[in-house]
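No lab work stands behind these numbers, since they all come straight from the coordinates. Being a predicted model, the structure only gives us computed values, none of them experimental. Glycine also receives a Cβ, built like all others from the backbone with ideal geometry; neighbour counts cover every protein chain displayed.
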Amino acid sequence: MNETTKKFTRIYDTSVILHSLDIMFEGYITKGVLNEVKDEILREVVRGSLRNGKLKILEVSEDSKRKIAKINNDFANNLSQTDIEILAAAYEHNLNLMTSDFAIQNIAKILNIPYEGIVESVNEKINKFIYICPACEKIYKQYKKICDACGTEIIKKEA
Ligand SMILES: [Zn+2]
């Protein structure tokens, strides 16, 4: 099997690598992401995945990096060099961006880069939604399908 020709559809940012040890990674990262993984054990996991071809380091062109850096400035976003690198890679190579970082997701939205957050509760907080039971009016701050108190289906509302 020739792993060097394998093409992935996903790219991971550091937040996802750090917070989802149990997830089977298959996709790209960048050098910046690898550098940001300081934890020794996790670093070994990532290096192992790089060795067996589950993860690959993707090079990013200076042109795309400049483009992202400019948008970052225009929108007064506070992205790190690694964040910019990840966005540039996703943009340049048409990848699905795996990130739970809200600042990165913002820029991804502007550029129509498809993204997925792994940590659901973080997204829910950012969207400022609450979940409320229409029957007994019990409020839940995090997503819930069925009300604990009365078994009614919960509805989503803006907080
Ligand atoms: Zn209820």
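General observations
- Principal-axis analysis of the Cα atoms of the chain puts helix 40-51 at an angle of about 60° to the longest axis.
- Across the stretch 10-117, the relative contact order, built from alpha-carbon pairs under 8 Å that are at least six residues apart, equals 32 percent.
- Of Val45, Val37, Val16, the residue with the greatest mean-square motion in the GNM of the chain, using alpha carbon springs below 10 Å, is Val45.
- Here is how the number arises for the chain: DSSP H runs of 4 or more residues each give -39500 (n - 2.57), the sum is divided by the residue count, and the result at 222 nm is -12000 deg cm²/dmol.
- FRET efficiency, Glu62 to Glu26 (Cβ-Cβ, R0 35 Å, nearest 0.05): 0.80
- Annotation: amide H-H contacts under 5 Å for Lys56 (H modelled 1.01 Å from N, sequence separation of 5 or more, or interchain): Gly27, Tyr28, Ile29.
- With respect to the chain, whose longest principal axis is taken over its alpha-carbon atoms, helix 81-93 is tilted by about 80°.
- Linear extension gain, Leu18 paired with Lys54, 0.36 nm per residue minus alpha-carbon span: 11.3 nm
- Using C-alpha pairs under 8 Å with a sequence gap of at least 6, the mean separation divided by the residue count of the stretch 57-97 gives a relative contact order of 49 percent.
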